[in-house]
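Here the structure comes first, spelled out in structure tokens, and everything after it is commentary.
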Amino acid sequence: MLALTLPIGLVVGLTLGALGGGGSILTVPALVYLLGLDPRSATTGSLVIVGITTLIGAVPHLRAGRVRLGQGVVFGLLGVGGAVVGSELSAAVPPNVLLVAFAGLMLVVAAVMTRRRRAAARDEAVGGGTVEARTAPMLSLRPLRCDCRAVGVLLLTATAVGLLTGFFGVGGGFAVVPALVLALRMPMPVAVGTSLVVITINSASSLVSRLGQDVTLDWGVIASFTLAAVIGSLLGARITARVKPARLNLAFTVLLVLVALYTAARAVPQLF
């Protein structure tokens with residue numbers, strides 16, 4: 001088992017480190033179909049793996065000044081309620097239904113990443129590049145005003161990300177990063193670094209809410225997977241500097257679609 005766990009964890013970590021948001025979504029299918037865990041144990045174990053990996057991954061960003069710790073903590077705390085609800089819902093859903101829903105989530109993430117890739121290609125074609133968002137407060141007392149749309153986006157996205165984390169055991173970075181850019185007006189590099197703080201908090205709160213559930217975890221598999229994922233994420237960050245983001249995005253999107261179709265093909269027949 002260890003001979004299989006380490007390379008799988010390394011691949012997932014490489015994906016997470018190279019692509020950031022969305023990379024951790026491969027953890028659950030890997031735990032279920034390659035390492036033989038049942039869906040509930042896989043989604044719970046994924047919370048441990050993703051939480052530890054993102055916590056360690058946030059350190060270099062923090063040292064480089066790309067983490068707004070206070071805002072990340074607030075965003076994460078706003079998602080705690082959704083994480084608890086998602087964890088409770090996950091326990092009430094049959095395993096194969098959970099896997100079918102997970103396949104649908106992977107297709108949604110693939111669509112989001114495709115949209116980002118095309119938007120980046122359009123920006124590059126017109127020579128505009130990526131324009132970093134300016135930092136501006138959502139609330140101001142001089143004069144008294146509120147950017148209510150941004151506040152609404154922040155609350156809804158934080159709750160939704162918490163719900164996804166609790167239900168599926170994923171980080172939700174594919175939703176966190178755009179929300180931090182739109183709602184808190186963070187520059188993209190800062191949003192990526194801050195999202196790791198949010199994912200860590202959501203993963204921890206979801207894991208705590210699952211402790212009372214009847215879930216058995218294989219700590220040997222989880223520990224070795226986490227170690228390999230951490231190493232892979234650090235190596236993945238170096239890959240990002242050498243390979244064009246569009247190529248990484250495309251390769252990961254294709255992989256997501258294939259894994260989603262495989263998951264659906266295995267789980268859907270079990271529903272009937």
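The values are calculated or read from the model by the stated rules, or taken from the named source; none is laboratory data. This structure is a prediction, so every number in the text was calculated from the model and none was measured. Note: ideal-geometry Cβ built from the backbone for every residue, glycine included; neighbour counts use all protein chains shown.
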Considering only residues that are modelled with pLDDT of 85 or more and either among the small types (G, A, S) or touching a strand residue (DSSP E or B) at 6+ places or on another chain (Cβ under 8 Å) (or both), which ones fall in segment 249-272?
A260, A264, A265, A267
With the requirement that a residue be surrounded by 16 or more Cβ atoms within 10 Å (Cβ to Cβ) and farther than 13 Å from G13 by Cα, what does segment 224-251 give you?
L248, N249
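For segment 142-154, indicate whether the set of residues that are closer than 18 Å to V109 by Cα, surrounded by fewer than 24 Cβ atoms within 10 Å (Cβ to Cβ) and at pLDDT 75 or above is non-empty.
No; the residues of segment 142-154 include none that is closer than 18 Å to V109 by Cα, surrounded by fewer than 24 Cβ atoms within 10 Å (Cβ to Cβ) and at pLDDT 75 or above.
Which residue, of T165, T159, is among the hydroxyl-bearing types (S, T, Y), surrounded by 24 or more Cβ atoms within 10 Å (Cβ to Cβ) and assigned to a helix (DSSP H, G or I)? Even if it seems obvious, please write down each step before you answer.
On the way: T159 fails: surrounded by 24 or more Cβ atoms within 10 Å (Cβ to Cβ).
Exactly one of T165, T159 is among the hydroxyl-bearing types (S, T, Y), surrounded by 24 or more Cβ atoms within 10 Å (Cβ to Cβ) and assigned to a helix (DSSP H, G or I), namely T165.
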Since V67 meets every condition but one in (1) surrounded by 14 or more Cβ atoms within 10 Å (Cβ to Cβ); (2) in a helix (DSSP H, G or I); (3) under 18 Å from the mean Cα position of the chain (by Cα); (4) among the aliphatic types (A, V, I, L, M), which condition does it not meet?
(2)
Residue under question is R40, and the condition is that it be of a type in the set (D, E, K, R) and either outside any helix (DSSP H, G or I) or at positive phi (or both); does it hold?
no
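Checking the conditions here, which among A30, A83 is closer than 20 Å to L105 by Cβ, buried (at least 20 other Cβ atoms within 10 Å of the Cβ) and touching a Gly at 6+ places or on another chain (Cβ under 6 Å)? If you could, list the steps in order and put the result at the bottom.
Values: A30 fails: touching a Gly at 6+ places or on another chain (Cβ under 6 Å).
Every option except A83 fails the conditions.
Please state which one of I231, I239 is at pLDDT 85 or above and of a type outside the set (D, E).
On the way: I239 fails: at pLDDT 85 or above.
The conditions single out I231.
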